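Everything on this sheet refers to the single structure shown next.
Coordinate-derived values only; no laboratory data. Bear in mind that the values here come from a model prediction, so they are computed numbers and not experimental data. Glycine gets a Cβ as well: all are built from the backbone with ideal geometry, and neighbour counts include every protein chain shown.
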Amino acid sequence: MDKNPLYKGEGIKELIPQRAPIMMVDTFYDATSDEGFTGLTVSEENIFCKDGLFTEPGVIEHIAQSASAFAGYNAKANNLPTPIGFIGEVKKFKIAKLPKVNDTLKTNIKIISEVMNVSLLTAETKVNGELIASCQMKIFIKE
Amino acid sequence: MEKQELIAKINEVLAEEFEVEIEDITPEANIKSTLMLDSLSLVDMVALIESEFGVKIKGTEVSSILTFEALYDFIYERLA
């Protein structure tokens with residue numbers, strides 16, 4: 001994840017359908033066949049911030065959009081339109097601490113299984129190398 | 001692993017994961033209705049089979065595996 005990101009800032013709009021103020025991914029670092037690496041630097045204006053902290057719903061939304069960005073990256077590689085996905089289920093969500101304003105979240109999405117239009121994935125989010133959140137999530141991709 | 005041993009193991013992990021009675025899992029029974037799977041939880045079964053037995057079921061293949069017998073045969077053939 002140390003090399004130059006593949007997409008950053010406004011370029012993320014090519015991968016995900018969300019737009020400000022609900023965009024919760026600002027960097028797409030890299031991808032393999034079943035993994036994606038994304039990031040978000042928490043701004044003070046972020047709608048999920050409260051008292052200087054990025055709240056749990058924001059972390060979940062960031063993870064979901066990270067999965068969306070990964071799906072968008074794969075779609076783009078295959079000359080397909082950006083898919084629209086919905087969170088189907090969140091399981092085993094653990095959060096160790098809430099990120100602060102100006103922290104940069106770095107998230108690793110790993111696809112465990114895909115059946116028809118449902119993807120099962122695991123996600124790990126780190127701040128400064130420290131694991132702060134993890135979960136298992138199902139994303140339903142609208143056809 | 002012998003096929004009967006494999007079947008017993010499959011039944012055991014499915015019954016535990018999806019919280020059904022192991023006696024309800026019979027070769028001719030329908031997987032989705034027995035395990036009460038919907039489109040979201042079907043992916044759980046596919047992930048479970050892969051993690052427990054190392055057998056990957058593709059999305060195109062899962063729709064043709066309707067009964068437990070078909071599932072046993074699918075896994076057994078992939079492991080052979």
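Taking a straight line from the alpha carbon of residue A:8, these lysines sit under 16 Å away, with near neighbours fewer than eight places off in the same chain left out: A:76, A:106. Comparing A:41, A:122, A:32 in a Gaussian network model of chain A (Cα springs below 10 Å), the most mobile by mean-square fluctuation is A:32. Sparse packing (at most 16 other Cβ atoms within 10 Å of the Cβ) combined with a DSSP loop state is found for the following trypsin sites (Lys or Arg not before Pro) in segment B:11-80: B:56, B:58.
In this structure, residue A:90 and residue B:23 have a Cβ-Cβ separation that, at R0 = 45 Å, corresponds to a calculated FRET efficiency of about 0.85. Based on Cα atoms of chain A, Rg over Rh with Rh as the Kirkwood radius reads 0.93. Quick one: if the Förster radius is 35 Å, what FRET efficiency do residue B:63 and residue A:53 give, using the C-beta to C-beta distance and rounding to 0.05? Computed FRET efficiency for residue B:63 and residue A:53: 0.20.
Of all GluC sites (Glu not before Pro) in segment B:27-80, which ones are in loop regions per DSSP and have a Cβ with at most 15 other Cβ atoms within 10 Å? Listed in order of number, the matching sites are B:28.
Database remark: amide H of residue A:112 closer than 5 angstrom to the amide H of A:120, A:121, A:122 (H placed geometrically; neighbours at sequence offset of 5 or more, or on other chains; Pro and chain starts carry no H).
Computed over segment B:3-79, the quotient of the alpha carbon radius of gyration and 2.2 N^0.38 Å is 0.97. Shown is the FRET efficiency for residue A:19 and residue A:78, computed with R0 = 30 Å from the Cβ-Cβ distance and rounded to the nearest 0.05: 0.80.
Take the Cα of residue A:116, go 7 Å toward its beta carbon, and the backbone nitrogen atoms of segment A:72-109 under 16 Å from that spot belong to A:86, A:88-89.
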